[in-house]
Amino acid sequence: MSKNALVTGVTGQDGAYLVKLLLEKGYNVYGLLARRGSDSTWRLRELGVEGEVTMIDGDLTDVTSLIRAMAVSRADEVYNLGAQSFVGTSWTQPVLTAQVSGVGAINVLESIRIVNDKARFYQASTSEMFGLIQADRQDESTPFYPRSPYGVAKLMAHWATVNYRESFNLHASSGILFNHESPLRGPEFVTRKVTQAVARIKKGLQKELRLGNIDAKRDWGFAGDYVRAMWMMLQADKPDDYVIATGVTTTVRQMCELAFRHAGLNYEDYVKIDPAFFRPAEVDVLLGNPAKAKAALGWEPSTSLEELISMMVDADLRRL
């Protein structure tokens with residue numbers, strides 16, 4: 001018999017790639033759809049899977065809608081990818097971020113506990129929880145020190161997942177995912193902001209790109225690789241928490257160089273530093289150690305940063 005999966009955040013980057021993966025594995029996929037005014041399903045459409053997902057109206061801040069979604073979907077696996085996921089916005093909307101990204105995860109856990117405590121649960125945790133880093137390479141034992149309202153909210157959700165696992169014996173796992181990008185990334189995120197600007201500059205539609213701290217270092221991977229890790233966690237006999245990363249760190253400056261070079265341009269001719277894009281508290285370096293995921297799950301990334309950025313630039317050129 002095929003399994004049923006319920007995915008929150010189904011219209012986001014990770015949601016779309018996860019839906020595609022689950023459908024390929026024969027799942028019946030249900031998506032929690034928070035009704036918004038804009039076209040929110042374009043990513044599913046771009047991957048060719050929009051019509052293959054059964055949408056259920058609901059919201060992470062409304063536990064009654066989550067209980068209903070659990071009952072309707074008869075979910076064997078629940079992937080909580082829904083969040084207010086843009087770090088910059090969390091400074092201007094801290095309470096909303098706490099409600100959606102923090103309390104929202106508890107609402108999902110409660111709905112599982114009430115409706116079907118045998119359903120397996122995945123929580124999308126984040127490297128932003130490490131924040132002011134306490135070790136050169138961050139793994140599952142590295143202390144957390146979040147530096148944004150987003151990181152604080154995600155840490156609440158992360159520890160709630162641990163608590164429900166230990167208190168109610170739920171098969172609940174967290175993936176502490178480092179930055180992961182794709183052509184489906186929103187343009188508010190720096191990688192997509194860069195690749196979109198490269199495409200527009202190449203086409204003569206834009207003259208410069210304004211960025212903040214381009215010496216910040218990040219561990220960037222491909223979202224398509226990372227959703228595979230999510231699925232692998234829920235197939236494991238025992239629930240646990242895993243760092244998912246490439247183990248390679250790169251500056252924003254180097255990422256810009258890759259993107260512009262792919263289009264035959266020199267980034268130094270177009271990138272301008274704008275103090276408006278600096279954060280109140282910066283996370284300078286993130287570098288993950290995915291050794292546990294490799295040893296326990298057999299997971300490792302298959303896409304290099306150069307391949308990823310080239311893929312994103314090409315996609316933005318096609319869109320124009």
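I'm trying to understand the selection: among the residues of the range 194-212, which are surrounded by fewer than 18 Cβ atoms within 10 Å (Cβ to Cβ) and not aliphatic (A, V, I, L, M)?
Arg200, Lys203, Gly204, Gln206, Lys207, Glu208, Arg210, Gly212
Annotation: of all residues in the range 1-45 being among the acidic types (Asp, Glu) and at pLDDT 95 or above, the one that is surrounded by the fewest Cβ atoms within 10 Å (Cβ to Cβ) is Glu24. Screening the candidates Pro183, Pro187 for the property of being modelled with pLDDT of 95 or more and in a loop (DSSP other than H, G, I, E, B) yields one hit, Pro183. Scanning the range 84-134 for residues being under 26 Å from Ala71 (Cβ atoms) and of a type in the set (A, V, I, L, M, F, W, C) gives a total of 12. The residues on offer are Leu234, Leu177, Leu205, and the sole one that is modelled with pLDDT of 95 or more and touching a helix residue (DSSP H, G or I) at 6+ places or on another chain (Cβ under 8 Å) is Leu177.
For the range 222-232, the criterion of being closer than 23 Å to Ala105 by Cβ, among the hydroxyl-bearing types (Ser, Thr, Tyr) and under 13 Å from the mean Cα position of the chain (by Cα) is met by at least one residue. For the range 177-187, indicate whether the set of residues that are among the polar types (S, T, N, Q) and either closer than 18 Å to Val78 by Cα or in contact (Cβ under 8 Å) with a residue 40 or more places away in the chain (or both) is non-empty. So far as the range 177-187 goes, yes, one or more of its residues are among the polar types (S, T, N, Q) and either closer than 18 Å to Val78 by Cα or in contact (Cβ under 8 Å) with a residue 40 or more places away in the chain (or both). Restricting the search to helices (runs of 4 or more DSSP H) fully inside the range 230-320 and requiring at least 1 residues that are buried (at least 17 other Cβ atoms within 10 Å of the Cβ) and touching a Ser or Thr at 6+ places or on another chain (Cβ under 9 Å) gives 252-262, 305-319. Can we say Ser125 is assigned to a strand (DSSP E or B), surrounded by 16 or more Cβ atoms within 10 Å (Cβ to Cβ) and either touching a residue at least 40 places away in the same chain (Cβ under 8 Å) or within 19 Å of the chain's Cα centre (by Cα) (or both)? It is true that Ser125 is assigned to a strand (DSSP E or B), surrounded by 16 or more Cβ atoms within 10 Å (Cβ to Cβ) and either touching a residue at least 40 places away in the same chain (Cβ under 8 Å) or within 19 Å of the chain's Cα centre (by Cα) (or both).
Every condition in (1) of a type in the set (Gly, Ala, Ser); (2) assigned to a loop (DSSP other than H, G, I, E, B); (3) surrounded by fewer than 18 Cβ atoms within 10 Å (Cβ to Cβ) is met by Ser167 except one, and the failing one is (2). Condition check: aliphatic (A, V, I, L, M) and either under 25 Å from Val19 (Cβ atoms) or part of a loop (DSSP other than H, G, I, E, B) (or both). Does Ala160 satisfy that? For Ala160, the condition - aliphatic (A, V, I, L, M) and either under 25 Å from Val19 (Cβ atoms) or part of a loop (DSSP other than H, G, I, E, B) (or both) - is met. Checked against (1) surrounded by fewer than 24 Cβ atoms within 10 Å (Cβ to Cβ); (2) in contact (Cβ under 8 Å) with a residue 12 or more places away in the chain; (3) farther than 24 Å from Arg192 by Cβ; (4) within 20 Å of the chain's Cα centre (by Cα), Val78 passes all but a single condition, namely (1).
Residues in the range 83-115 that are modelled with pLDDT of 95 or more and assigned to a loop (DSSP other than H, G, I, E, B): there are none.
The values are calculated or read from the model by the stated rules, or taken from the named source; none is laboratory data. Given the structure is predicted, the values throughout are model-derived calculations rather than measurements. Every residue, glycine among them, receives a Cβ derived from its backbone with ideal geometry; neighbour counts consider all protein chains shown.
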